[in-house]
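Engineer: So that we are looking at the same thing, I have put the structure below in structure tokens.
The values are calculated or read from the model by the stated rules, or taken from the named source; none is laboratory data. Keep in mind that this is a model prediction, so the values were computed, not measured. Positions of Cβ are generated from backbone atoms using ideal geometry, with glycine treated the same way; all protein chains shown enter the neighbour counts. In case anyone asks, the SASA skips ligands and DNA or RNA and just uses the protein heavy atoms, side chains included. Shrake-Rupley method; radii C 1.70, N 1.55, O 1.52, S 1.80 Å.
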Amino acid sequence: MTDDFLKTLKIQYIAQLRERRSEMLDFLASCEHGMPGPEMKDSMRQRAHSFVGSGATYGFNGISDAAKELEAELDPNLKTGSNRLADLTRVLLGACDRAMASPIAMGDTTTVSEAPIPPDVNRPLLLIVDDDPAMTAILSASLKNDAEITVVTDGHAALDSIRARRPDLVLLDDNMPGMSGMTVMELLQLDPVYRTIPIIMLTAGDNPHTVMRAMTAGVLDYIRKPFDPPVLAGKVRTMLQRSGTTLLIADDDPSIRDLLAYKFRMSGVRVQIASDGEAALELAIKHKPRIAILDQMMPGLNGTAVLQKLREHENTRNMPVIFLTAKRREQDILEGFRMGVADYIVKPFLPEEVVARCFRVLGFSESKKA
């Protein structure tokens, strides 16, 4: 994303601040003349929550800091006096006014157009789910060169979009009206067709219980707003690059096969699975995966026989192969490397280690959950 384009996004964000200023003034007037009603407080809490995430993301740290205090004070479980709410609203208004008076706000508001993106049917599909247009704008601008992007603004639309066309990656806001991102995540986990879609949760909240709930539901990463757009774009770009990678796992033990398939799919790669050597060979020749993980001892063709046949076929001659086996003697390991395997992993193993070692062979870096 060019500096000029980022400048345009900031100018558009400031325009949104101007539009929302009257809402904040109405809330302030209500606080000054008595306690605002529950609906007005809830609306302002949602607005403050949005500012927590977007302010610093666009370079206005004061907006995020002030909004965080106001959001906390508007917790429905607290009994807060109108004076305290009025004071915090004034602080937020002041932060917004400073942003609106910044030099960038006085610049040219003409939209900067960048070079058009050539059509590519192989581009990964990224689904962005967020009800804040400021966030969807900067996310879309940061990642439009890396993926085909679909944007929806609520949880129900997210589910419909996922079922209509399975995305390669989802950026999912947690705090949304109607259906929360967490609910979307948990509903997807109930469906075996969609539970392996990689999801990055975006939220302005920092409740440890919510973080653990998201991790338990299988979220790939949990990123707090505000965030640094280039850093987030880098993480997403890595995931999208992996989404075009196909991996073959061949093992006659379904418990091992399915566990590894799940781990790799949650790391953003596509997975082909086989339960015997003949099926593994057929899948490898047909789909030409980037890498294969082969059990040494399988019915029919064992791992060694599959490796030899892969080396004889032009489609798979240079495919890296990792042996995953219970054969742990030193001579077995040395023989595997003499045959040209890229790595040799002995059972029992840690699934995360298999993922990391496979990605090392592919030249990927394994991102950790936050």
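Engineer: Please verify whether the range 232-248 includes one or more residues that are crowded, with 22+ Cβ neighbours inside 10 Å, in contact with a helix residue (DSSP H, G or I) (Cβ under 8 Å, 6 or more places away or on another chain) and modelled with pLDDT of 90 or more.
Structural biologist: Yes, that holds for at least one residue.
Engineer: Against the condition closer than 22 Å to ILE256 by Cα and surrounded by 14 or more Cβ atoms within 10 Å (Cβ to Cβ), how does LEU301 come out, does it pass? Before you say what the answer is, go through the steps one by one.
Structural biologist: On the way: closer than 22 Å to ILE256 by Cα: yes; surrounded by 14 or more Cβ atoms within 10 Å (Cβ to Cβ): yes.
For LEU301, the condition - closer than 22 Å to ILE256 by Cα and surrounded by 14 or more Cβ atoms within 10 Å (Cβ to Cβ) - is met.
Engineer: So, in the range 148-201, how many residues would count as being surrounded by fewer than 19 Cβ atoms within 10 Å (Cβ to Cβ), touching a residue at least 40 places away in the same chain (Cβ under 8 Å) and part of a helix (DSSP H, G or I)?
Structural biologist: 0
Engineer: Scanning for something farther than 27 Å from VAL219 by Cβ and open to solvent by 70 Å² or more (accessible area, probe 1.4 Å), does the range 338-350 turn up at least one residue?
Structural biologist: Yes, that holds for at least one residue.
Engineer: Is at least one residue of the range 67-82 open to solvent by less than 10 Å² (accessible area, probe 1.4 Å) and in contact with a Pro (Cβ under 8 Å, 6 or more places away or on another chain)?
Structural biologist: no
Engineer: Quickly run through the range 351-365 and pick out the residues that are modelled with pLDDT under 85 and either surrounded by 14 or more Cβ atoms within 10 Å (Cβ to Cβ) or not in a loop (DSSP other than H, G, I, E, B) (or both).
Structural biologist: Passing the criteria: only PHE364.
Engineer: Just name the residue that is nearest to the chain's Cα centre (by Cα) out of those in the range 24-37 that are open to solvent by less than 50 Å² (accessible area, probe 1.4 Å) and at negative phi. Before you say what the answer is, go through the steps one by one.
Structural biologist: In the first step, residues of the range 24-37 are kept if they are open to solvent by less than 50 Å² (accessible area, probe 1.4 Å); the result is 24, 27-31, 34, 36-37.
Pick out the ones that are also at negative phi and you get 24, 27-31, 36-37.
Numbers: MET24: 32, PHE27: 35, LEU28: 37, ALA29: 40, SER30: 39, CYS31: 39, PRO36: 37, GLY37: 37 Å.
So, considering only residues that are open to solvent by less than 50 Å² (accessible area, probe 1.4 Å) and at negative phi, the one nearest to the chain's Cα centre (by Cα) is MET24.
Engineer: Now a separate question. In the range 38-65, what count of residues is obtained for those that are surrounded by 24 or more Cβ atoms within 10 Å (Cβ to Cβ), aliphatic (A, V, I, L, M) and farther than 18 Å from MET176 by Cβ?
Structural biologist: 1
Engineer: If you don't mind, another one. Somewhere in the range 207-229, is a residue touching a Lys or Arg at 6+ places or on another chain (Cβ under 6 Å), open to solvent by less than 40 Å² (accessible area, probe 1.4 Å) and under 25 Å from GLY244 (Cα atoms)?
Structural biologist: The answer is yes; a qualifying residue exists.
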